[in-house]
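Here the structure comes first, spelled out in structure tokens, and everything after it is commentary.
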Amino acid sequence: MASQRVLKVFDGIVKHTKKLLDEAQISHDEYHEFVLWLDRLGRKGEIPLFMDVFFETHVLNSIYSGYPGTEPSLLGPYHIENTPMLEEPYVLTQRADEKGDVLYFKGTVRSVDGKPLANTLVDMWQADADGEYSHYADDIPEYNLRGRFYTDENGQFEVKTIVPAPYKIPTDGPTGEFLDYIDHHPYRPAHLHIQFKQEGYENLITQVFFEGDPWIETDVAEGVRSTLITKLEHHEDTNGSYKTASLDFEMRTQNWRAEIKKDLTVANSSK
């Protein structure tokens, strides 16, 4: 039996493709070159990369822009499941001689109406000081700079890690060709990846960025949101130097769309 949802979406794609073909006056030769490029993209295994970098942020904006709650950002291609569960005090799994500035990152997780969300599962991962991710670089331990932990009874958490480095996405394949076509650099600003899970709430996948990063205004993936930017504070004590940063997060209930629709209906009926 045909899926009406698939048919509806496909019809929409065809409709808007026809409009684009007409507006851009795309020739058959250009279309054929595009098909060959798509074939190379698939053979290189870069479809997830390309979609993450050039489309996912627009999907997220379409779904969440203007609504309450922390703005989501890209999951990205470097997430892995079932990373180590950490014990307090929380320290992301790392090498004994891990390069980079020590960072203590903290935050509070609440519902959109301000309720602290205790025992929220926090899944965190990041690049190292060279811009590399464990599990995807051969010379890095499997779970380096990855880990999961829980918020306390007040919805708060603090984790020790290192300040990540900016990095460039792969450019040796069709995605790199596309960047050349649009004359854009391949860099992402330094960021932390965080995913929050809490019963009764929609999973929140987002990123944290830092003021002053040279790529923050021109992120190749357009994943930066002004509400996700925090400041690195420098500190010195008898143990040496370190950085601190913080950001608070708000989670939406699983039925947030229905709740907003209900609120609008009630508001309109009272006019």
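The values are calculated or read from the model by the stated rules, or taken from the named source; none is laboratory data. Treat the numbers as computed from the prediction; the structure is a model and nothing was measured. Neighbour counts are summed over all protein chains in view; Cβ atoms, including those assigned to glycine, are modelled from backbone coordinates with ideal geometry.
Considering each residue of segment 1-52, count those that are touching a Gly at 6+ places or on another chain (Cβ under 9 Å) and either within 27 Å of PRO72 (Cβ to Cβ) or of a type outside the set (D, E, K, R) (or both), and give that number.
5
Which of the residues that make up segment 92-105 are touching a residue at least 60 places away in the same chain (Cβ under 8 Å), aliphatic (A, V, I, L, M) and closer than 16 Å to SER134 by Cα?
Residue satisfying the conditions is LEU92 alone.
Does ASN268 meet the test of being assigned by TED's automatic domain parsing to the domain that holds ILE162 and at pLDDT below 95? Before the answer, list the steps.
On the way: assigned by TED's automatic domain parsing to the domain that holds ILE162: no; at pLDDT below 95: yes.
So ASN268 does not fit the description; no.
Taking the residues in segment 220-242 that are in contact (Cβ under 8 Å) with a residue 24 or more places away in the chain and over 18 Å from GLN207 (Cα atoms) as candidates, determine which candidate is surrounded by the most Cβ atoms within 10 Å (Cβ to Cβ).
The selected residue is TYR242.
Here is a yes/no grid of residues against (1) surrounded by fewer than 12 Cβ atoms within 10 Å (Cβ to Cβ); (2) of a type in the set (A, V, I, L, M):
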{"residue": "TYR31", "(1), (2)": "yes, no"}
{"residue": "LEU41", "(1), (2)": "no, yes"}
{"residue": "GLU56", "(1), (2)": "no, no"}
{"residue": "GLY69", "(1), (2)": "no, no"}
{"residue": "ILE80", "(1), (2)": "no, yes"}
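Does LEU232 satisfy being within 21 Å of PRO48 (Cβ to Cβ) and either over 21 Å from the mean Cα position of the chain (by Cα) or at pLDDT 95 or above (or both)? Steps first, please.
Numbers: within 21 Å of PRO48 (Cβ to Cβ): no; either over 21 Å from the mean Cα position of the chain (by Cα) or at pLDDT 95 or above (or both): yes.
No: the conditions fail for LEU232.
Name the single residue, out of those in segment 131-182 being part of a helix (DSSP H, G or I) and touching a residue at least 60 places away in the same chain (Cβ under 8 Å), that is farthest from GLN198 (Cα to Cα).
My answer is GLU177.
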